[in-house]
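Q: This is the structure I want to talk about, given as structure tokens.
The values are calculated or read from the model by the stated rules, or taken from the named source; none is laboratory data. In this text, all values refer to a predicted model and were calculated from it rather than measured experimentally. Every residue, glycine among them, receives a Cβ derived from its backbone with ideal geometry; neighbour counts consider all protein chains shown. Surface accessibility is based on the protein's heavy atoms, side chains included, excluding ligands, DNA and RNA. Shrake-Rupley method; radii C 1.70, N 1.55, O 1.52, S 1.80 Å.
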Amino acid sequence: MRAMYERRAFPLALIAIATAAAAAACGSPGSKPTAQATQAAMAQPTATQAVTTTRRAAPPRKFMSQRYSFRVTLTKDWSEDDARVAWNGKKLQGLGSAAFANFTDPATGRTLVAAAARAAKGMGLAEWRAAMVRAAPPVCSESSSVEQTTLGGEPALAWTATCSDGYDVNKLAALRGKRGYMILLASPKANDTAEDRRIFESTRRSFRFTG
């Protein structure tokens, strides 16, 4: 039994010696990473580091409609085509109508349209908005949900529409003096609706009557 125990103990002793030697080698000065290796490791991005790209926004630019006496602030990427004829307030023609002040972003296909017409005597804001709903083309479905807001300091009503010709539309109706105003942003459905809303709100806040 003692001989058998000694034969078993001998391999175990060898294993213990080998383990101790390996531990000593790992802890020896020669196994420490060099300064160059440490710097290289620190220079490498880790999996948890976020990579952010900052996109510089286009500078703002003011656009003015001489016919309808207002100005708005967009970015320099937009182009302007002021109304060339007066709008009668009875029908919302196509986006390129000569009766509308048009502001277009060619990169996204968004078009901001604005027009004004004489409102009937005694007409209230809700009535003017209802008239604008009736004036919409038949391809558009108007939302029944209406938000109270302002336009250039005047009370206004805002709502949305979805059109089967491929556009989502943010709309706004307002009254100022004897004029009724209609503002809309038509955007191809491929665009982000939240971004449409942000642009429309930014435009509304920048709107100023000039006459």
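Q: Could you pull out the residue among VAL113, VAL139 that is in contact with a Cys (Cβ under 7 Å, 6 or more places away or on another chain) and not acidic (Asp, Glu)?
A: VAL139
Q: Within region 148-170, is there a residue that is closer than 21 Å to ASP81 by Cβ, open to solvent by 10 Å² or more (accessible area, probe 1.4 Å) and touching a helix residue (DSSP H, G or I) at 6+ places or on another chain (Cβ under 7 Å)?
A: Yes: region 148-170 contains one or more residues that are closer than 21 Å to ASP81 by Cβ, open to solvent by 10 Å² or more (accessible area, probe 1.4 Å) and touching a helix residue (DSSP H, G or I) at 6+ places or on another chain (Cβ under 7 Å).
Residues are listed down the side, and each one gets a yes or a no for (1) in contact (Cβ under 8 Å) with a residue 40 or more places away in the chain; (2) closer than 13 Å to VAL113 by Cβ:
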position: TYR167; (1), (2): no, yes
position: ILE183; (1), (2): yes, yes
position: ASN191; (1), (2): yes, no
position: ASP196; (1), (2): yes, no
position: THR203; (1), (2): yes, yes
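Q: For region 180-195, enumerate the residues that are surrounded by fewer than 22 Cβ atoms within 10 Å (Cβ to Cβ) and touching a Lys or Arg at 6+ places or on another chain (Cβ under 8 Å).
A: PRO188, ASN191
Q: Could you look through region 145-165, keep only residues that are assigned to a strand (DSSP E or B) and among the small types (Gly, Ala, Ser), and pick out the one that is farthest from GLY94 (Cα to Cα)?
A: ALA156
Q: Can you report the number of residues in region 150-165 which are over 19 Å from the mean Cα position of the chain (by Cα) and within 23 Å of ASP192 (Cα to Cα)?
A: 4
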